[in-house]
Amino acid sequence: MTASLPHQGAPPDEPSRPPETRGHVIRRRALTLLIIVLLIGVPAGYLVISANQSRDSGKDKEAKYSATGLTEGWPSKVQLRLYQVPVPHPANQVAYYETNNWKTSRLYVQFQTTHAGLDAFLAELGLTRAALRKDRITIGERDQDVTGWRFSGPGSRSGDYFGFVRAQKNPKPTLDVVVNTGNPVYPMVYVVSRTVP
């Protein structure tokens, strides 16, 4: 035989609650539902948005790194600093391409500038126009193939090209530079900066 436990009543000093009205029950349930939706829906929505952004970012990076040849625009400040390519201001027709492998990393940069901009570029490298050698194409066929640059053939004239190599000890980059003066006002500069990691 089991003894039944006596029912404990409410403490005498606590007033009894009035029964809930239908409106109060509906409001309480709506508030509970809203809290549940916010606790589950907001993080889930954030995860969906974050996943889409991550996927889009991955596609952008894939397109950037699978590109062959030059990409229009300025290299990042980190790339310019790492490869020591001081693109002057003003400059237009700026394009670049970076390649990396276990032996050598290269940054290809082209830009068109003024004669003052060319002088500023050379000064940043610690050089003057005296470093430019007429008809010296310092950028090799391999690098020309990578970028699509052509320093000979139809449309090119002897005397339009000047070049130099700025050799430095590893890990500092070596720069192969060709300057096209075919446009007498705005010279075009081509740079291949290579470094051994």
Next on the checklist: Ignoring ligands, DNA and RNA, please state the percent of accessible area on the range 78-197 from carbon and sulfur, probe 1.4 Å.
Outcome noted: 53 percent
Checklist outcome for this item: Pseudo-spin-label distance residue 93 to residue 17, built 7 Å along Cα→Cβ, given in nm, is 8.1 nm
Checklist entry - What shape does the range 63-197 have by the C-alpha gyration tensor, where a ≥ b ≥ c are the square roots of the eigenvalues, rounded means a/c under 1.5, and otherwise prolate means a/b greater than b/c and oblate the rest? => result rounded
Checklist entry - How much length, in nm to one decimal, is gained on full extension between residue 81 and residue 100, taken as 0.36 nm per residue of separation minus their Cα-Cα distance? => result 5.2 nm
Checklist entry - When you count, for each residue, the other Cβ atoms within 10 Å and take the mean per peptide, how do 29-39, 105-115 rank with the highest first? => result 105-115, 29-39
Checklist entry - Full extension from residue 38 to residue 125: what is 0.36 nm times the residue separation minus their Cα-Cα distance, to one decimal in nm? => result 25.5 nm
Checklist entry - By average Cβ neighbour count within 10 Å, what is the ranking of 135-142, 175-182 from highest down? => result 175-182, 135-142
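The values are calculated or read from the model by the stated rules, or taken from the named source; none is laboratory data. As the structure is a prediction and not an experimental result, all values here were calculated from the model. For neighbour counting, all protein chains shown are included, and Cβ atoms are generated from backbone atoms with ideal geometry for every residue, glycine included. To get the accessible areas, we keep the full protein, side chains included, count just its heavy atoms, and leave off ligands, DNA and RNA. Shrake-Rupley method; radii C 1.70, N 1.55, O 1.52, S 1.80 Å.
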